[in-house]
Every structure is written in structure tokens, then in C-alpha cells.
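Peer 1: Below is one structure. I have some questions about it.
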Amino acid sequence: MKTICSLFIVGSVVLISCQQKPAPFTEEQKKQVADSAKQVVQYIITNANKLDFQTAMNVYSDDPDARYIENGTIFNSLADFRKAYVEFGPMLEMLEQIPDRWDIMVLSRDAAMITIPFHFKVRGKGLQEYNGQYLWSAVVQKRNGKWTLVHSHESWLNFAEAMAALTPPAPKEKK
């Protein structure tokens, strides 16, 4: 029995040591992952700046584990997130988001984390332009052969001030 156990242990060690180790993850491969993730986010920025939020969301995942967070609100589905933009988008006349820098952390061969501080200009219909800043982070992952955004978190600096600038004044009451 002892011989059989010894053979089993030696055989297991040989099998484990003979298994192929994954090829090293080269700097060029990391750059390709970073570039793929950046293309997804650039697509979002470009379309959002055109006020085409629905097209921008074409690269967002609708998988059940995807999450989108904006200024304290967690959207538990892409459908809920889209609905918020269906309501908010028509209020806008102009949006210009300008990344201050791109911080991209490659997490694996199929995932990257991107953090971007933005300056932006926005104008609600019939209102004055508002200039602000926000921070945005996202996880972009390759799922089912396609690079997609699976998690995002956006925080506007001075959120209440920005919302006030995008809200039409209340109609004056007649006396």
C-alpha cells in the first residue's frame, strides 16, 4: 500500500511539473490590453460628447454582474442606467468632456482598470454653460470575445452646483 501511495504522489508531482506553464505576459501584450480598453472608453467619450448616450452605452455590459455608479446612485442593470440617460440626455444642449490624463492599470490578459480625471463643459437647454470636473473609473473586460465596460464609477466635484446649473429656474408665481 505504501508503494502505491508513493507512486501516486510521485506521478502527481511529475504530471504537475510537466503541465505547460502559461507564456509570460509581455509588455507588448500589456500595451495591447491597455489600448483595447482605452478604445472602449474613447468610444464612450466620443459618443457622449455628441449627446448620443444610447450609442455610447453599446459597449457597456448587460451581464447581471455589471454595475454602474454615478454620484451615489448604483444602477444594478444596464437597462436602469440607460433609462436614467433617456431622461437626462434630452435636457442637454452641449457636453464636452476633456480627459486630464489616462491612468490605465492592466489587470490581466482580458481586463484593465481605467481612471480618468475630467474637465467638462455642459449646457442645459436654454441655460448658461457650466464648467466642472469629475472623476471616473471603469473596469473594461474582454467577455465572449468582445471588449466591454463591466463597471464604472463617476463622481462629479460640486455635484449639487452642477445639477443646479442644469436645472431650469422655477416659474415665477403670478401675484
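Peer 1: Using only the Cα atoms, what convex hull volume per residue in Å³ does the chain have?
Peer 2: Working: hull volume 29.3 nm³, N = 175.
Hull volume over Cα atoms, normalised by residue count, gives 167 Å³.
Peer 1: A further question follows. Once every DSSP H run of n ≥ 4 in the chain is given -39500 (n - 2.57) and the sum is divided by its residues, what mean residue ellipticity at 222 nm do you get, rounded to the nearest 500 deg cm²/dmol?
Peer 2: Working: 5 runs with 62 residues, N = 175.
It comes out at -11000 deg cm²/dmol, rounded to the nearest 500.
Peer 1: Could you list the residues of segment 58-98 with an amide nitrogen less than 14 Å from a label point located 7 Å from the Cα of F159 in the Cα-to-C-beta direction?
Peer 2: Inside the label zone: 68-75.
Peer 1: While we're looking at this one, here's another question. Run the Debye formula on the Cα coordinates of segment 63-153, all scatterers equal and no solvent, and tell me log10 I(q)/I(0) at q = 0.11, 0.14, 0.26 1/Å.
Peer 2: Ignoring solvent entirely, the Cα scatterers give -0.39, -0.63, -1.30.
Peer 1: Determine which aspartates and glutamates satisfy two conditions relative to K50: a Cα distance under 13 Å, and not lying fewer than 8 residues away in the same chain.
Peer 2: Output for K50: E93, E96.
Peer 1: Quick check on segment 100-153: what are the equivalent-ellipsoid semi-axes from the Cα gyration tensor, as sqrt(5λ), descending, whole Å?
Peer 2: Largest first, segment 100-153 gives 30, 13, 7 Å.
Peer 1: Just to verify a number: FRET efficiency for D65 and K172, C-beta to C-beta distance, R0 = 35 Å, to 0.05? Numbers along the way, then the final one.
Peer 2: Details: r = 48 Å, r/R0 = 1.38.
Efficiency for this residue pair is about 0.10.
Peer 1: Next question, about the same structure. Put a dot 7 Å past each Cα toward the Cβ at E87 and Q39; how far apart are the dots in nm?
Peer 2: Here the answer is 3.5 nm between the modelled labels.
Taken together, the values in this text are just the output of simple stated rules run on the coordinates, not laboratory data. From a predicted model like this one, the values you see are computed outputs, not experimental measurements. So basically every Cβ, Gly included, is an ideal-geometry build from the backbone, and we count neighbours across all protein chains shown.
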